[in-house]
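Below is one structure, written out as structure tokens, with a few remarks after it.
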Amino acid sequence: MQTPETVRELVIGGVTYETRFTKKFEQRAPYIAPDSHLVRCVIPGVILSIAVRKGSRVRSGDPLLVLEAMKMQNEVRSSCDGTVRALRVAPGDTVTKGQIFIELD
Amino acid sequence: MSVTNKHVDFFRRKDRLLNGGGNKAAEKQMALGKLTARDRITALLDVDSFYEFDLFVEHRCRDFDMDKRVLPGDGVITGTGSIMGYPVCIYAQDFTVAGGSLGLMHARKITKIMDHAIKMGMPIIGINDSGGARIQEGVDSLAGYGEIFYRNTLASGIVPQISVILGPCAGGAVYSPALTDFVFVVDKISKMFITGPEVIKTVLGEEISMEDLGGARVHSEISGNAHFYARNELECFHKIKQLFTFIPWNNRRKAERYPAKPPKAKFDIERIVPMDSRKPYDVRNVICALCDNSEFLDVHANWAANLVVGFARVDGETVGIVANQPMVLAGVLDVDSSDKGARFIRFCDAFGIPLITFVDLPGYLPGVEQEHAGVIRHGAKLLYAFSEATVPKITVILRKAYGGGYIAMCSRHLGADFVVAWPTAEIAVMGPEGAANIIFKNEISGAPDPAEMRRQKVAEYTEKFANPYVAAASGHIDAVISPAATRDFLIHAIQISVNKGESRPYKKHGIPPF
């Protein structure tokens, strides 16, 4: 058994149970509410070009940048209206999943 | 050529092919703690039981100077044999020949032996040890994989299929094991992934070792791709043999019957389960206290351990056990445990193995992560599998059976044939704390001392509903029995279930929430 030997407490339906945790349960990531003003990378790849600059006004659906990933030039579009507060990436950058591309106001 | 010369020629040809990739390549293989493909077959099968197919097959690739290369057996050994008298079809990829790479003829050898297994009603064992597709053969090699996957699917539910990962198994190749019933992995030897560490490093810049990405521990503890974990190849073969004692040859036969043996005395059932339903215990001890010779084969022992599934015998007959494990995550159902349970139940149903379910769970695991991971549709798999199963279904409620968890764990409502509960069982719509908070909400909030009132109401609810008698009064359970009488009850239930017949309306197939 790959669970730690120490007995832990798990509350279900208002009752506290003595039990052990699995490795997977202990390693689970805490939930963070998504913020649509932070444009994040959903697939790892390389930035080809950026269509906006700091201070640009964008509307929902406007193209923001082109990300080459999985042999495809993917256009990343804004999901909300706003102004570009900061660019966190530049063309040629290799980006990983979850990385922030652009901050909008 | 004289007859004698023909024989000399035959032995000369055969010996050359039996030597596989040669001694140097074999030494390299052994230095990694691995046996050669031929030694693996010898170690796994009964002595002198192996009859080889297609030793003289040659590859047909003419590009990239491949026509000048001889690849003995085209990198795979196939044939039939027996394991403890049990007939099997087997193939073993030979890493010493072109890295065990899969070309068209290599695949044809595998599909031929698979077709044979399906026709003859013999289990298939595939020993995987291959660098992947033979790039020189191009799309022919992809065709080969596709034809194997197709047959894995055709064979599914007809004959047991077992995959043994004894080396690399990467890219598309992983899908053959994934389609089979039981996957065995060995520490430091098995490596399974769709994209390897090299690609991940190039694309993501993330560095990870093969072991951390897709080693034996990862697949037997985190991903759930592997059902059995062994420390070395010989231990792995021993486990395969143990599995074979429990499963039938094909879906038209029953599993072998063994002489019935009582459980070992050290499993004293009265002492295993604590009265306080918040206290943990190892449900495997309950299983061992009830089954023949206390012998239980834990499937997926280290993955989703909050649900225990595996094989045992009762009165000499193989049974499939599904049990909540209070020792891990309080025995809750969650995404992984539902998946694990459903798969196992469907195997048992396909191969006519009766199911015994032991229930003790507080419900489903709460949390954003679980909800977002789709605990609804994964949990539905368990309901589907239990409802779909027409083998004898016997349910024993040990302690808690609340709410949706009660229904899901093979309740009478999902078609269980026998449902009994121990006197310690609590069968209710929800746990007393939750129920009291809802039913007596106004009384509690309006009381001068809400905490005291809550305590009183919880006690009141517990007294009235946290028992098996409310469910028994409605006939939702058949009987309340003592722990000591449980083995006799199981034997009785298995014995009178031999002629169970349940016919359902024709359909091509159902649509389980995959």
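The values are calculated or read from the model by the stated rules, or taken from the named source; none is laboratory data. Bear in mind the structure is a predicted one, so any value in this text is a computation, not a measurement. Backbone-built Cβ (ideal geometry, glycine too); neighbour counts: all protein chains shown.
With a requirement of 3 or more residues that are within 18 Å of B:Asn324 (Cα to Cα), the helices (runs of 4 or more DSSP H) lying completely within the stretch B:351-444 that satisfy it span B:375-388, B:403-408. Of everything listed in (1) in contact with a Leu (Cβ under 9 Å, 6 or more places away or on another chain); (2) over 29 Å from B:Leu234 (Cβ atoms), the single unmet condition for B:Ile158 is (1).
Of the helices (runs of 4 or more DSSP H) lying entirely inside the stretch B:163-221, the ones with 3 or more residues being among the aliphatic types (A, V, I, L, M) are found at B:197-204. Residue count for the stretch B:117-132, restricted to those that are free of Cβ contacts under 8 Å to residues at least 60 places away in the same chain and in contact with a strand residue (DSSP E or B) (Cβ under 8 Å, 6 or more places away or on another chain): 8.
Looking only at the stretch B:296-343, filter to residues that are outside any helix (DSSP H, G or I) and of a type in the set (Asp, Glu); which one of those is farthest from the chain's Cα centre (by Cα)? The residue in question is B:Asp315.
Scanning the stretch B:419-445 for residues being surrounded by fewer than 21 Cβ atoms within 10 Å (Cβ to Cβ), acidic (Asp, Glu) and in contact (Cβ under 8 Å) with a residue 40 or more places away in the chain gives a total of 0. Checking B:Asp360, B:Asp334, B:Asp349 one by one, the residue that is more than 14 Å from chain A (Cβ to nearest Cβ), in contact with a strand residue (DSSP E or B) (Cβ under 8 Å, 6 or more places away or on another chain) and of a type outside the set (Gly, Ala, Ser) is B:Asp349 and no other.
Given the criteria modelled with pLDDT of 95 or more, among the hydrophobic types (A, V, I, L, M, F, W, C) and out of contact with any Phe, Trp or Tyr (no Cβ under 9 Å at 6 or more places or on another chain), does B:Ile494 qualify? In short, yes.
The listed residues are B:Ala265, B:Ala260, and the only one of them that is away from every other protein chain (no Cβ under 14 Å), more than 20 Å from the chain's Cα centre (by Cα) and touching a residue at least 24 places away in the same chain (Cβ under 8 Å) turns out to be B:Ala260. Select from the stretch B:222-233 the residues that are within 14 Å of another protein chain (Cβ to nearest Cβ), farther than 20 Å from B:Leu35 by Cβ and assigned to a loop (DSSP other than H, G, I, E, B) and list them in ascending order. Result: B:Ser223, B:Gly224, B:Asn225. The condition (being assigned to a loop (DSSP other than H, G, I, E, B) and away from every other protein chain (no Cβ under 14 Å)) is satisfied by just one residue among A:Val52, A:Val66, A:Val84: A:Val52. The single condition from (1) over 21 Å from B:Met409 (Cβ atoms); (2) touching a Lys or Arg at 6+ places or on another chain (Cβ under 6 Å); (3) surrounded by 20 or more Cβ atoms within 10 Å (Cβ to Cβ) that B:His300 fails is (1). Within the stretch A:87-105, the residues that satisfy the criterion of being part of a loop (DSSP other than H, G, I, E, B) and under 24 Å from B:Lys201 (Cα atoms) are A:Arg88, A:Val89, A:Ala90, A:Pro91, A:Gly92, A:Asp93, A:Thr96, A:Lys97, A:Gly98, A:Gln99.
Conditions (1) at the interface with another protein chain (Cβ under 8 Å from one of its Cβ atoms); (2) closer than 16 Å to B:Asn306 by Cβ; (3) part of a loop (DSSP other than H, G, I, E, B), marked per residue:
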{"residue": "A:Thr19", "(1), (2), (3)": "yes, yes, no"}
{"residue": "A:Phe25", "(1), (2), (3)": "yes, yes, no"}
{"residue": "A:Arg28", "(1), (2), (3)": "yes, yes, yes"}
{"residue": "A:Ala33", "(1), (2), (3)": "no, no, yes"}
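Checked against (1) in contact (Cβ under 8 Å) with a residue 40 or more places away in the chain; (2) over 26 Å from the mean Cα position of the chain (by Cα), B:Ile77 meets all criteria but (2). Of all residues in the stretch B:151-178, those that are on the phi > 0 side of the Ramachandran plot have Cβ atoms under 8 Å from Cβ atoms of residues that are modelled with pLDDT under 95 and part of a strand (DSSP E or B), 6 or more apart or on another chain, in B:Gly171/B:Ala133.
Reported count of residues in the stretch B:191-221, each being within 11 Å of chain A (Cβ to nearest Cβ) and either crowded, with 19+ Cβ neighbours inside 10 Å or under 21 Å from the mean Cα position of the chain (by Cα) (or both), is 4.
Set side by side, the residues A:Arg53, A:Arg28, A:Arg59 differ, and just one is touching a helix residue (DSSP H, G or I) at 6+ places or on another chain (Cβ under 8 Å) and either small (Gly, Ala, Ser) or farther than 14 Å from A:Ile100 by Cα (or both), which is A:Arg28.
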